[in-house]
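A.B. asks: Can you keep this structure in mind? I'll have questions shortly.
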Amino acid sequence: MHRIHSIVGTLRRNPDFSRLYLALLIAFAADWFATVALIDLVLETTDSTAAASLILVLQMAPFLVATPVAGMLADRFDRRVLLTGANLARGVVCIGLLFAVDAETVWIAFAVVALLAFGAAFFEPTVSASLPNLVDRADLPTANALVGSAWGTMVAFGAAIGGVVTATVGREVTFLLYPLLFFASAALVWTV
């Protein structure tokens, strides 16, 4: 119970952090929102489980490669601009999924996933670098814990919600909603 009071207190005392944290949750959910639809698209167009698994690899590999550079940039440039720009760019990039419709165009889906992971590398380290500027020193451990635990929770939540949307209204609607999540996250970041 003490931990819940600590979390609520941190969010109440630090409104800029609260908005950034909500933007982070939305962006993390967005990162995985279209996973089920993407795997469905790749399986349908290629009939290859190896190609489908490549979607998961591409969601991580570019992130790992770009993170060191992104972390360096987060220390040198306006973080709000970097965060907003990363999410706006990711929102625009994922519109490309609407053009991946068959075996000849499925390569677009792979390119989009790689670019989205690259963009995530600029978002996530910048959020962490921003925390000391957004929360009181006493709240920093709780804020770090919240940010650190957000990814795993939102992977499951984002993929589950995206899977439900894909199963109920279809892959195309999922791909239409996908950029809106990044745009919403960008709008929240801009208010910080």
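A.B. asks: Would you say residue 124 is of a type in the set (D, E, K, R), within 23 Å of residue 179 (Cβ to Cβ) and at pLDDT 90 or above?
C.D. replies: In short, no.
A.B. asks: If you don't mind, there's one more thing I want to ask. Do you know which of the residues in segment 84-99 that are open to solvent by 20 Å² or more (accessible area, probe 1.4 Å) and hydrophobic (A, V, I, L, M, F, W, C) is farthest from residue 26 (Cα to Cα)?
C.D. replies: 99
A.B. asks: If you don't mind, another one. Could you please find all residues in segment 1-48 being open to solvent by 10 Å² or more (accessible area, probe 1.4 Å), not in a helix (DSSP H, G or I) and not aliphatic (A, V, I, L, M)?
C.D. replies: Listed by number, the residues that qualify are 47, 48.
A.B. asks: Within segment 155-192, take every residue that is open to solvent by less than 60 Å² (accessible area, probe 1.4 Å) and among the aromatic types (Phe, Trp, Tyr) and give me the one that is farthest from residue 113 (Cα to Cα).
C.D. replies: 182
A.B. asks: Looking at 79, 90 in this structure, which one is out of contact with any Phe, Trp or Tyr (no Cβ under 8 Å at 6 or more places or on another chain) and charged (D, E, K, R)?
C.D. replies: Checking each option against the conditions leaves just 79.
A.B. asks: Sort through 3, 19 and tell me the only one that's of a type in the set (D, E, K, R), within 24 Å of the chain's Cα centre (by Cα) and under 22 Å from residue 134 (Cα atoms).
C.D. replies: On inspection, the qualifying residue turns out to be 19.
A.B. asks: On to the next question. Hey, can you tell me all the residues within segment 118-148 that are open to solvent by 20 Å² or more (accessible area, probe 1.4 Å), out of contact with any Pro (no Cβ under 8 Å at 6 or more places or on another chain) and of a type in the set (Phe, Trp, Tyr)?
C.D. replies: Within segment 118-148, 122 is the sole residue that qualifies.
A.B. asks: Still on this model: Scan segment 72-83 and give yes if some residue there is open to solvent by 40 Å² or more (accessible area, probe 1.4 Å), closer than 22 Å to residue 179 by Cβ and free of Cβ contacts under 8 Å to residues at least 24 places away in the same chain, otherwise no.
C.D. replies: Yes, there is a match, as at least one residue in segment 72-83 is open to solvent by 40 Å² or more (accessible area, probe 1.4 Å), closer than 22 Å to residue 179 by Cβ and free of Cβ contacts under 8 Å to residues at least 24 places away in the same chain.
A.B. asks: Go through segment 70-99 and count every residue that is at pLDDT 80 or above and either within 20 Å of residue 151 (Cα to Cα) or within 18 Å of the chain's Cα centre (by Cα) (or both).
C.D. replies: Total satisfying the criteria: 19.
A.B. asks: Quick check, is residue 64 closer than 23 Å to residue 98 by Cα, free of Cβ contacts under 8 Å to residues at least 60 places away in the same chain and in a helix (DSSP H, G or I)?
C.D. replies: no
A.B. asks: Please verify whether residue 69 is assigned to a loop (DSSP other than H, G, I, E, B) and of a type outside the set (Asp, Glu), treating the condition exactly as stated.
C.D. replies: No: the conditions fail for residue 69.
The values are calculated or read from the model by the stated rules, or taken from the named source; none is laboratory data. Owing to the predicted nature of the structure, the values given are computational and were not obtained by experimental measurement. Don't worry about glycine lacking a Cβ; one is built from the backbone with ideal geometry, like all the others, and counts go over all protein chains shown. We work out accessible area using only protein heavy atoms, side chains counted, and drop any ligands, DNA or RNA first. Shrake-Rupley method; radii C 1.70, N 1.55, O 1.52, S 1.80 Å.
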